[in-house]
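The values are calculated or read from the model by the stated rules, or taken from the named source; none is laboratory data. For clarity, every value in this text was computed on a predicted model and none was experimentally measured. Cβ placement follows ideal geometry from the backbone for every residue including glycine, while neighbour counts extend to all protein chains displayed. All accessible areas refer to the heavy atoms of the entire protein, side chains included, with ligands and DNA or RNA removed. Shrake-Rupley method; radii C 1.70, N 1.55, O 1.52, S 1.80 Å.
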Amino acid sequence: MCLLDEVLDWSAQRIRCRTATHRAPDNPLRSHGRLGIACGIEYAAQAMALHGALAGGAANGAANGAVDGPVAGSPRVGLLAGVRDVRFFVLRLDDIESDLICEVTHLAGDSLTALYEFALRDRDRSLLSGRASVILDAGGRLKYE
C-alpha cells in the first residue's frame with residue numbers, strides 16, 4: 001500500500017510529500033466510507049520510511065534531493081514504536097478537497113532508532129501533528145511478513 005503520490009523535496013533532515021489518495025473511494029484505510037484523521041499517522045509513517053530510504057541512499061553516494069535509480073543498499077525494516085503529542089485538528093481526511101502535504105523531520109537517532117516530528121496539512125491549515133519513534137532493523141531481528 002503506497003499512499004504518497006510525490007516527493008516535493010527532501011534533505012538529510014526532512015522530507016515533504018504530496019498526495020491525493022485521501023479522496024480515493026478505494027483507499028485501503030477507509031472504514032464505512034470514511035477516512036478518519038488518525039489514518040494521517042500512516043501517511044506520516046510512509047513519509048518517514050521514504051525519508052529513511054532516500055537519506056540512506058544519499059549516505060551511500062546518491063545526490064541530495066535527486067536519485068537517478070534505485071536507492072543503494074537494501075531497505076531496512078522499521079517498526080513504528082510509538083507516537084506522542086499527536087494533535088488532531090479535523091475529524092476526517094476524505095472530505096478535504098485539496099491535496100495533502102505530509103512533512104516529517106528527523107530529530108534524532110542512531111543506527112537502531114529514529115525520532116521524527118510530523119505534520120499533515122492541506123492547502124490552508126494543519127490537520128495533524130505529532131512525534132514518532134521508530135525502531136530500525138538491528139541485525140535483521142525484525143521480520144516483515
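Looking at D85, D68, D99, just one residue is open to solvent by 40 Å² or more (accessible area, probe 1.4 Å), farther than 20 Å from A20 by Cβ and at pLDDT 95 or above, and that residue is D85. Which pairs do you get when a residue that is touching a residue at least 12 places away in the same chain (Cβ under 8 Å) and on the phi > 0 side of the Ramachandran plot, found in region 1-27, comes within reach of a residue that is in a loop (DSSP other than H, G, I, E, B) and of a type in the set (A, V, I, L, M), reach meaning Cβ atoms under 7 angstrom, with the pair 6+ apart or on two chains? Listed by first residue and then by second, the contacts come to nothing, as the list is empty. Of all residues in region 122-137, those that are crowded, with 16+ Cβ neighbours inside 10 Å and not in a strand (DSSP E or B) total 2.
For G33, are the conditions met, namely being of a type outside the set (S, T, N, Q) and under 12 Å from L120 (Cα atoms)? Break it down into steps so the answer makes sense when it comes.
Details: of a type outside the set (S, T, N, Q): yes; under 12 Å from L120 (Cα atoms): no.
In short, no.
Out of everything in region 19-34 that is among the polar types (S, T, N, Q) and under 20 Å from the mean Cα position of the chain (by Cα), what residue ends up being surrounded by the most Cβ atoms within 10 Å (Cβ to Cβ)? If you could, list the steps in order and put the result at the bottom.
Quick first cut of region 19-34, residues among the polar types (S, T, N, Q) only: 19, 21, 27, 31.
Still in the running and under 20 Å from the mean Cα position of the chain (by Cα): 19, 21, 27.
On the way: T19: 21, T21: 19, N27: 17.
Only one residue tops the list, namely T19.
Of the residues making up region 1-43, those that are small (G, A, S) and under 24 Å from T105 (Cα atoms) are S11, A12, A20, G36, A38, G40.
Kindly indicate whether A44 is assigned to a helix (DSSP H, G or I) and crowded, with 19+ Cβ neighbours inside 10 Å. Can you show your working first?
Values: assigned to a helix (DSSP H, G or I): yes; crowded, with 19+ Cβ neighbours inside 10 Å: yes.
In short, yes.
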